[in-house]
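Notes follow once the structure below has been shown.
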Amino acid sequence: MPSPEIILLGGSPGSGKSSIGERFESMGVPKGARHKSIGDLKRDITSGKIKSIHADRLNKIEHPDRRTGAAPSDAMADIMEEFIMMNPSGLTIVDGFPRYMDRVEPFKESMQRIGANVLALVVVEVDDEKVLMERLMNREVRPEQKIKDPTERLADHRDNVVPTLSVLAADYPTYRLDGTLPIEKNAEELLVIYERHSVKSNKF
């Protein structure tokens with residue numbers, strides 16, 4: 001079977017991780033590399049833009065007390081696995097997943113099941129919360145995307161995502177990118193990280 005390669009892209013809302021992932025994808029190196037935010041993937045499936053055998057499972061509520069990410073953890077892992085296996089021999093930049101602690105084990109099981117090689121965890125950091133707030137307040141939102149309170153999103157990141165990233169960092173090579181630097185520069189650094197760890201990089 002082909003061995004998918006994965007780079008996990010993490011960071012707080014407004015850090016620029018999605019913009020970096022999109023810019024990396026547009027570079028065309030390695031050929032066929034793709035980037036996907038787990039939030040965008042979920043929205044694209046529930047809106048019908050992307051077909052998925054797991055679509056019905058995303059409507060179930062597993063965490064009624066969680067205002068973000070209420071869908072079952074194993075369903076979220078399965079839709080990401082499904083997306084990765086659309087390009088099984090290539091590189092996928094997985095943006096914002098696993099986000100919560102209860103999604104770490106389903107993610108690891110999924111990666112083991114498909115024989116994926118997680119090359120690295122790359123965390124985009126912006127230390128100034130005022131910068132993050134300004135970015136979130138000025139961000140364009142798609143029509144089907146709910147507008148969420150920036151303060152609440154940043155609190156969720158501190159309380160839930162940061163501990164999850166710490167757990168992931170114990171298992172995968174971890175790198176930090178400065179989210180205040182130009183997107184182009186960070187996308188180029190992401191390519192350097194890829195080339196450092198990929199066994200396929202010499203083919204490109």
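Rule-based calculations on the coordinates, nothing more; no lab input. Keep in mind the model is a prediction, meaning the values are calculated, not measured. Here the Cβ is made from the backbone with ideal geometry for all residues, glycine too, and neighbour counts use every protein chain on show.
Some points to look at:
- In this simple spin-label model, placing a label point 7 Å from the Cα along the Cα-to-Cβ direction at both R113 and T180 gives a separation of 4.3 nm.
- More than 15 Å apart - percent of Cα-Cα pairs taken over the range 1-66: 66 percent
- Computed extension gain for M85 through I53, at 0.36 nm per residue and net of the alpha carbon distance, reaches 10.2 nm.
- When the helices of the chain are scored as -39500 (n - 2.57) per DSSP H run of n ≥ 4 and the total is divided over every residue, the value at 222 nm lands at -12000 deg cm²/dmol.
- Peptides ranked, highest mean first, by Cβ atoms within 10 Å: ranges 12-18, 31-37: 12-18, 31-37
- Here the range 5-199 is treated with +1 on each Lys and Arg Cβ and -1 on each Asp and Glu Cβ, and its dipole about the Cα centre works out to around 420 debye.
- Those lysines that a straight Cα-Cα span of less than 23 Å connects to K42, excepting residues fewer than 8 apart in one chain: K17, K51, K60, K108, K146, K148
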